[in-house]
Every structure is written in C-alpha cells, then in structure tokens.
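Single-structure report; data block below.
The values are calculated or read from the model by the stated rules, or taken from the named source; none is laboratory data. Just so it is clear, the model here is predicted, and its values are computed rather than measured. Cβ atoms come from the backbone with ideal geometry, glycine included; neighbour counts cover every protein chain shown.
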Amino acid sequence: MKLVSTHSARKPRPAQDDYYGECTYTPVAAKKQHRTVHHKLLVSAALILVVGTVVSTTLGSYAMPNEPLLEVPPQPVPEALDTVPAVSDTTPEPPTVTRYALSDIGGSRYSARDLEQAADLVIDEIITGDMSQKRQVQRIYEWLRLDCSYSGHSDKHDVFQGAYDMLTLRTGDCYNYFAAAKVLFDRLGIQNIDVEKVPNYAGDSLHFWNLVSLDGGASWYHFDATPRYGKAPTSVW
C-alpha cells in the first residue's frame, strides 16, 4: 500500500549564494565536489605542517660556532702628548733684496753712499725679495708714474745728480725719470742701456729713456716712464 502525504509539497530551499542571501538545496554532485576540495585542502595543510616540523627540527639541531666570523684586531690607542710643541713668537725675516754698488759717480756733487741710500729707500718701499725681475721693472715704472711729477726742466749733464734729485725730490723732467730708473736698475742688477734722442731739426727737443733686458741681454725692451699727456705710455710690458 502506498502512503500519500496529505501535506502540500514544500518547495525546495534555495542554495546559499552568499552569506546574507537566500538558501537553496545544493545538488548532490556539488556536495561531493565540495568534499573532494575540502579533503585536498586538509591533505595540503598536513603536508605543510610536516615539512615545517622537519625544517624546524633540523635548524634547531644546528649549533652556531662560538668564534666570531670576522676577528678584528684591537686598535692601538694614541698616546697623549706630554708637551705641546712651542709656537715660535719670532717674526720671520723679510726676503732680502740684492743691491749692487754704483761704481761710477763721475763729477757728481753727491757721494756714491748718498745716492745708494736714496735708491735703497725707494727699493725698500716698492720691491720685495720674492719678485721677479719683470715685476721689479713694473714696480719701478709704477713708482715713477704715480709717486713722481713732471717739472719740465733739469740739469742734463750729470746722470747721477739727475737721479738723486728725482729719488729725493720726486719731481723732474724726462732726464730725471731716465736717470732715477737707471740707478734703481743698477742697484737691482737689471741690465739697462741709456737712450738719448738728439734734436735733428729746429725746435726739436732732447729726450731720454732706457732699454732693459730681462734675459741676460738676449732681448731688450724700451722703458720710458716720462708722463705723456694725451699719449699712450711706453713701458716694458
């Protein structure tokens, strides 16, 4: 005999789509598939646990050496200075300037010593021992142009008198400029030659200047410190 339920047939419940969705019946094939995946996950977790245990045991059984991997030798400690080096309180000597004697004074009213002293005062003012000869010539030119003035007339018969007047009075004409430069060059050992322009027509004037050599006479340069108003200066450089 077949029993038939008098209750109305119930609708199958929907599968659970998401956490908050409706519930439905899950087919049997899907349940088997879920059980298979779950079984594989359990097996994988068990294998991971076993491998981790083996690795942990192996590492735990390894003993690190007691000796350091890199031995650094001890560094010596510098000893303290017993005494501090003394600092010299003496002023270093300034470089010396070689001066040459003026041997030919001629009939000058000034002695060689007077002229040398006058030249040395200027040299001590403008020259230092570490200057090259070229720089010495430049400084003589600058001194004559900046510290001396043009007067327009002088006695042109005594070069040393003309030099002394320019070195002490710091004024004169082209003859005094030339003569003072000559004496300063001689005191410093700089080769020089006197140059005189002779008048060759009526109204022409005399003029004096120097030639200087900085290479032992191999080459010569004009040196003329006489002021030329409205004209370019003539010098060694």
Which one of the conditions (1) among the small types (Gly, Ala, Ser); (2) farther than 26 Å from Thr96 by Cα; (3) surrounded by 15 or more Cβ atoms within 10 Å (Cβ to Cβ) does Ser213 fail to meet, given that it meets all the rest? (2)
Select from the range 88-100 the residues that are surrounded by 10 or more Cβ atoms within 10 Å (Cβ to Cβ), at pLDDT 80 or above and not aromatic (Phe, Trp, Tyr) and write down the one among them that is farthest from the chain's Cα centre (by Cα). Arg99
Does the range 143-150 contain any residue that is under 43 Å from the mean Cα position of the chain (by Cα), assigned to a loop (DSSP other than H, G, I, E, B) and closer than 24 Å to Thr96 by Cβ? no
Filter the range 126-142 for residues that are outside any loop (DSSP other than H, G, I, E, B) and either closer than 18 Å to Lys182 by Cβ or of a type in the set (Val, Ile, Thr) (or both) and give the result. Ile126, Gln133, Lys134, Gln136, Val137, Gln138, Arg139, Ile140, Tyr141, Glu142
Got a sec? Which of Arg139, Arg135, Arg109, Arg170 is at pLDDT 95 or above and over 29 Å from Gly216 (Cα atoms)? Arg170
What about Asp158, is it surrounded by 12 or more Cβ atoms within 10 Å (Cβ to Cβ) and not small (Gly, Ala, Ser)? yes
Filtered residue count, the range 116-155, keeping only those that are closer than 20 Å to Gln191 by Cβ, of a type in the set (Gly, Ala, Ser) and loosely packed, with under 15 Cβ neighbours inside 10 Å: 2
Among the charged types (D, E, K, R) and either in a helix (DSSP H, G or I) or in contact (Cβ under 8 Å) with a residue 12 or more places away in the chain (or both) - does that describe any residue in the range 200-219? no
Let me confirm something: among Val183, Val159, which residue is modelled with pLDDT of 95 or more and closer than 28 Å to Thr96 by Cβ? Val183
Could you list, in sequence order, all residues of the range 132-164 that are aliphatic (A, V, I, L, M) and out of contact with any helix residue (DSSP H, G or I) (no Cβ under 6 Å at 6 or more places or on another chain)? Val137, Leu146
Based on what the data block shows, is Gly162 part of a helix (DSSP H, G or I) and without any contact (Cβ under 8 Å) to a residue 24 or more places away in the chain? yes
Restricting to the range 194-210, name every residue that is within 20 Å of Gln136 (Cβ to Cβ) and surrounded by fewer than 14 Cβ atoms within 10 Å (Cβ to Cβ). Asp194
